[in-house]
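In what follows, a single structure is set out as structure tokens and then discussed.
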Amino acid sequence: MESIREIFRIGDGPSSSHTMGPKKAAKQFLDKNPTANGFRVTLYGSLSLTGKGHMTDVAILSVLNPIAPTKIVWEKKFLAFHPNGMMFEALNADGDVVDSWTIFSIGGGALANETTKAAPQQHVYPMSSISQIQKWCEDSGKSYWECVEEFEGKDIWDHLSHAWNVMKSAIERGLNNEGVLPGGLGLRRKAGDYMIRAKTYGDWMRSRGMLYAYALAVSEENASGGEIVTAPTCGSCGVLPAVLYHLQNSHDFVDVRILRALATAGLFGSIVRSSASVSGAEVGCQGEVGVACAMAAAAANQLMGGTPAQIEYAAEMGLEHHLGLTCDPVNGLVQIPCIERNVFAAARAVDAGMYSLFSDGKHRVTFDRIVRVMKQTGHDLPSLYKETAGGGLATIHE
């Protein structure tokens, strides 16, 4: 399994697969063709169908257009390797193609194609499943976060500390920013209002209202193109920060314990990324918000004193109860229903973490089994419900 750094990527919203990945690809292609007289980029499948709402063209043009005139071609055809296909072409002065590269944005800001996918991956962990990691924890007497430190090295804490600071900054900006989100839906920011209202209630309602506000804050920052941390994607970036920020403020956890919880969350997210997918275009929103909920549930349970078995159970519930969740963004924007889904997933993550604490950690369906079911469910979903804006809630304006 690869480093958890691959799960926690820092960049601008609103979509890790539709903006972060394509922008990264554009930079790599430009590095190969710095003297090109022009560029043509063909976007396929999901990138074509929801790319305008996700600002895919804006991300690519921001890199290539300052260097040479760039044309974006929208092609609805799906390529075989992955729904998020891109073909970059470099042109000479006569308009002839001098270099071409087909690459895919596979989720979480990562890139791959037939060649790179077949190439040997840099595995940081010798384990490839949560059951193997859990056994390592139980045999050694250590926790999940100690497994991260064991195999990643102590410098992983610098990366996680930076990621946590970016997460907190997104919450704090989101709570104070006001106005209408870009994109044409006329959706107003709500995070600050929820925070103010939450403070007028008693303990339980105030606590839950603040959790809502934190998730709204990050998700609204993402929707406006602000800096966030994928966890595991941009579209689901509000869940984990909201849960960690909420628990830190309500239980006075110091940052070092938050970073340990972040490390544990990263393990569970990385297992899904390597064994299945975190791409909404490939498996639906269950791979984004569902996985975010699982990561946050594991982190919450650990912070509240859970054992490795209880932590695994919390994560399993977080993902299990999002099975079949479709990716159907209205107008192709990461706003409706994405923002509210982050809020409800944050609340569900806290509930899953607490529910598991009342158990002995024993249960019938393992996290690894749920990951396999999620992958199969995603493949069985019609493409209409996988980030194409062609079905489900995405059709409400038709």
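A few comments on the model shown:
- Cα centre as origin, Lys/Arg/Asp/Glu Cβ charges: the chain dipole, Debye: 540
- Counting only alpha carbon atoms, the long axis of helix 255-275 and the longest principal axis of the chain meet at about 60°.
- Theoretical FRET efficiency, 1/(1+(r/R0)^6), r = Cβ-Cβ of VAL58 and GLU150, R0 51 Å, to 0.05: 0.80
- The equivalent ellipsoid that matches the C-alpha gyration tensor of the range 213-261 spans semi-axes of 21, 11, 8 angstrom, in descending order.
- Relative contact order of the range 1-154: 28 percent, from C-alpha pairs under 8 Å at least 6 residues apart in sequence.
- Three-way shape call for the range 340-398 based on the alpha-carbon gyration tensor, with the a/c threshold at 1.5: oblate
- Selection from PRO337, ASN113, MET374, by position along the positive dipole direction of the chain (Cβ): PRO337
- Using the Cβ-Cβ distance between VAL365 and ALA68 with R0 set to 41 Å, the FRET efficiency works out to roughly 0.15.
- Those aspartates and glutamates that a straight Cα-Cα span of less than 16 Å connects to LYS386, excepting residues fewer than 8 apart in one chain: GLU282, GLU288, ASP328
- The overall shape of the range 50-209, judged from the alpha-carbon gyration tensor, is oblate: a/c is not under 1.5, and a/b is no greater than b/c.
- Ordering ALA26, TRP74, SER143 by Cα displacement along the dipole of the range 1-147 toward the positive end leaves TRP74 in first place; charges were set at the Cβ atoms of Lys, Arg (+1) and Asp, Glu (-1).
- Bridging of LYS362 to lysines at a Cα separation below 28 Å is possible for LYS135, LYS142, LYS375, once same-chain residues fewer than 8 apart are set aside.
- In Å², nearest 10: area of ILE396 left accessible to a 1.4 Å probe: 100
- Within the straight-line cut-off of under 12 Å between alpha carbons, the aspartates and glutamates reachable from LYS24 are ASP12, sequence neighbours fewer than 8 places apart in one chain being disregarded.
- Helix content alone sets the calculated 222 nm mean residue ellipticity of the chain: runs of n ≥ 4 DSSP H residues at -39500 (n - 2.57) each, divided across all residues, give -16500 deg cm²/dmol.
- Stretch gain in nm, segment GLU138-HIS379, where the contour uses 0.36 nm per residue and the Cα spacing is subtracted: 83.4 nm
- What a 1.4 Å probe finds exposed on the range 40-96 is 54% carbon and sulfur by accessible area, rounded to a whole percent.
- With pairing defined as another cysteine C-beta under 4.7 Å, the cysteines of the chain that fail it are CYS137, CYS147, CYS234, CYS237, CYS293, CYS338.
- Cβ-derived FRET efficiency at R0 45 Å, ASP94 paired with ARG5, nearest 0.05: 0.60
- For the chain, the longest principal axis of the C-alpha atoms and the axis of helix 45-54 are separated by about 80°.
- Contour excess over end-to-end distance, with Cα ends at HIS251 and ARG206 and 0.36 nm allotted per residue: 14.8 nm
- Counting all C-alpha pairs of the chain, share separated by more than 33 Å (%): 29
- Accessible surface for VAL58 stands near 80 Å², nearest 10, in the context of the full protein assembly shown (1.4 Å probe).
- Part-to-part distance (alpha-carbon centres) for the range 345-398 and the range 279-341, which is given in Å: 6
- Packing order of peptides 71-77, 378-384, highest average first: 378-384, 71-77 (average count of other Cβ atoms within 10 Å over each peptide's residues).
- The range 147-165-the range 175-211 distance, computed between alpha-carbon centres (Å): 31
The values are calculated or read from the model by the stated rules, or taken from the named source; none is laboratory data. Treat the numbers as computed from the prediction; the structure is a model and nothing was measured. For neighbour counting, all protein chains shown are included, and Cβ atoms are generated from backbone atoms with ideal geometry for every residue, glycine included. Heads up: the accessible areas ignore ligands, DNA and RNA and are worked out on the full protein's heavy atoms, side chains in. Shrake-Rupley method; radii C 1.70, N 1.55, O 1.52, S 1.80 Å.
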